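Below is one structure, written out as structure tokens, with a few remarks after it.
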Amino acid sequence: MTLSQATEENPPRGWALVMLGFGLAVGLLMYGLEEAAWPTAWDFGVGQGVLMGALAFALAAAQGRWKLPAVFALVLAAINGVLIVTAVLRYGEPDAYGRDILTFSLYVESLLFSLIALTFFEAWQDGRHGAAAQTGKAEGWRGITYVRLFGHFWESILVVLVSLCFLGLFWSVLWLFSLLFQEVGVSALEDLITEPLFGWPASCGAFALSIFFTREHERIVAALRSVVFALFSILAPVFLVLSVSFLVVLLLGGLERMAGLVSASATLIVLAGFGILFVNAVIRDGATEDKQAAVVRVSAMLLLPCLMLFCGFAVYAIGLRIGQYGLTPERIFVAVATALLTLGSLAYLASLLARGQWMVYCRRANIALVLVLAATTLVLQSPLADPHRLSAESQYKRLVSGLSDPETFEYGFLKFKLGKAGQDVLARLAEDSGVADPAVVSERLAALALVNDEWEWRSANREESQTQKVRVILADPELVQHVPADLEVPADIGPDWIHSHVKRCGATGNSGCILTSLELTDQPGPEYLFVTRAEDGDLTLHLLERTAAENSWNATWLPVTSKAEVFWSALQNGNIDAIAPAHRDLKIGEEVLRLRPTLSGS
């Protein structure tokens, strides 16, 4: 961060007006882009480039030193804009779901790249101007020291967070006053703040002004950074104790507990990230190394092997997941994060070989790691490692090689989540399905062509899957007690919506299920009673009977008024009968009113 020479108590008013005008201009530009109604690629890509460039300029420019930051901001905006526009064009026009996933990942990648690039630019600019002012000769790239990088990186983050808080407060005040004016019958303020032509310039102007005033109070920002890292460093011993406790429990639990980590790769990665953050809160920039408490320094040092173990478990978990189900964009992002954190943990662990100088080597490793992170964000936005293309190819290879069942293969995932890359794979599958049954693939592709959104596709597949699940469980005497034991269960029994009840079947403890049959109507074939018992003893009774439609069943919930133990015992003993109704049904016009009493077991 490059600060002006004015005092914190009396910042330059002229530059404050410049920053306010700059923010208003950016807001008007964003409003114009929004109103242009461009395709998503240009709308999001150009807008994101403008925002990242404008943010970089606001954080780097100062009175008398704005030309180089302006050039840097333009270059950064162009890089972000081009990468995002081309990434979205490769994907195609995303639907609502695809838009959220795609834009979020691109936003995070561009933000990380912009932050790292800005940090190195500011460190270079400080070295260039600082050395020139003292010796008359600029340091150039040698001025990029860890102290400067560390300071600019975290101070930029803190300035943005403070400015976001100010922006939230700004809009809260406007909103509260709009409510107050509405109470007296004046809606002009509400109309104003809901107008995008006001919202964009007001937000960008307030944000730019907040960045300016926060940067001018350099000592307060530095003090805030010290407080934040002091608090983070306190968590290092806590994190160490919990990490060691978890590892001990894991090792004592054997392979069964280790297997549970397969689904916890994201949790492991987040914890490893927090661990690295807490270690860096102790390492800092070296200026306060001698002032750190011994317990904090030792905890940070002992934490390094634990971080390596967390990363090792995460590598195993995500590797196993990818091996079982192939690549998806989400798994690629988790795998990339895992690789970066593992690389960092290895570098930190190797730094212990330097003994007393381990913190120095950790700082050197940090510089290399952030450069690798910046390069990774660029590669992920390029055709070289497009997550959607890689995921589509992975799923295609699994199906044509026989690793995936063509009946249960996620065709909808290719169509609705992977954009053009997924569409291309579907076209290839229609021509060549490899070892997969071509008849099954053709049937599934034909069904997919009839649906227009992911929800419709998943609903159809979910109903089919749930129906099959209900039929399999009800027919299994190991999961459901049949009364009598040789009960004949129809192959098409249902319906699918009772799948939530069959989950209790086969469970341990007090829960269980009973299926029995009896003649209750004049229709051909018996009706069935399906009863489930929860862990607390509560019973749920459904009457299953065929409908006029082919292979269709209806389930009617029936209340149970007797004691659960008595009712359950009667069912198990087959003490069930049908009793004659006390009344005939009443028909008025075309409507039939049921006057018969509720059926129950006796």
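The values are calculated or read from the model by the stated rules, or taken from the named source; none is laboratory data. The model shown is predicted, which means the values in this text are computed figures rather than measured ones. Quick reminder, even Gly has a Cβ in these numbers, built from the backbone with ideal geometry, and neighbours come from all protein chains shown. Note: accessible area is taken over every heavy atom of the protein model, side chains too, but ligands, DNA and RNA are not part of it. Shrake-Rupley method; radii C 1.70, N 1.55, O 1.52, S 1.80 Å.
Overview of values
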item: Local electrostatic count, Val228, Cβ distance below 12 Å [Lys/Arg +1, Asp/Glu -1]; result: +1
item: Accessible area of the chain belonging to carbon and sulfur atoms, whole % at 1.4 Å probe; result: 64 percent
item: Listed residues Thr377, Thr103 arranged by accessible area, highest first, probe 1.4 Å; result: Thr103, Thr377
item: Computed Rg/Rh of segment 504-563, alpha carbon atoms with Kirkwood Rh; result: 1.04
item: Free-standing Cys, the chain [no other Cys Cβ under 4.7 Å]; result: Cys165, Cys204, Cys306, Cys311, Cys362
item: Cα-based Rg / Dmax (Å) for segment 390-479; result: 14.5, 47
item: Length released on extending from Ala293 to Leu586, taking residue separation times 0.36 nm less the Cα-Cα span; result: 96.9 nm
item: Percentage relative contact order, the chain, counting C-alpha pairs under 8 Å, at least six apart; result: 10 percent
item: Lys397 - accessible surface, heavy atoms, 1.4 Å probe, Å² rounded to 10; result: 130 Å²
item: Mean separation of Cα contacts under 8 Å (6+ apart) over length of segment 419-578, as relative contact order %; result: 15 percent
item: Under-20-angstrom lysine pairs by C-alpha in the chain, whenever the two are 8 or more apart or on separate chains; result: 5
item: Segment Val270-Ala427, extension gain: residue separation times 0.36 nm, minus the distance between their alpha carbons; result: 52.7 nm
item: Longest to shortest principal axis, alpha-carbon extents of segment 275-368, angstrom; result: 50, 21, 20
item: Within the chain, helix-based [θ] at 222 nm, where runs of 4 or more DSSP H residues each add -39,500 (n - 2.57), nearest 500; result: -22500 deg cm²/dmol
item: Using a Förster distance of 51 Å, the FRET efficiency for Glu35-Asp476 (Cβ separation, nearest 0.05); result: 0.25
item: For Glu443, solvent-accessible area (1.4 Å; no DNA, RNA or ligand), Å²; result: 120 Å²
item: Using alpha carbons only: equivalent-ellipsoid semi-axes of the chain, gyration tensor based, whole Å; result: 60, 32, 27
item: Per residue solvent-accessible surface (Å²) - the chain, probe of 1.4 Å; result: 52 Å²
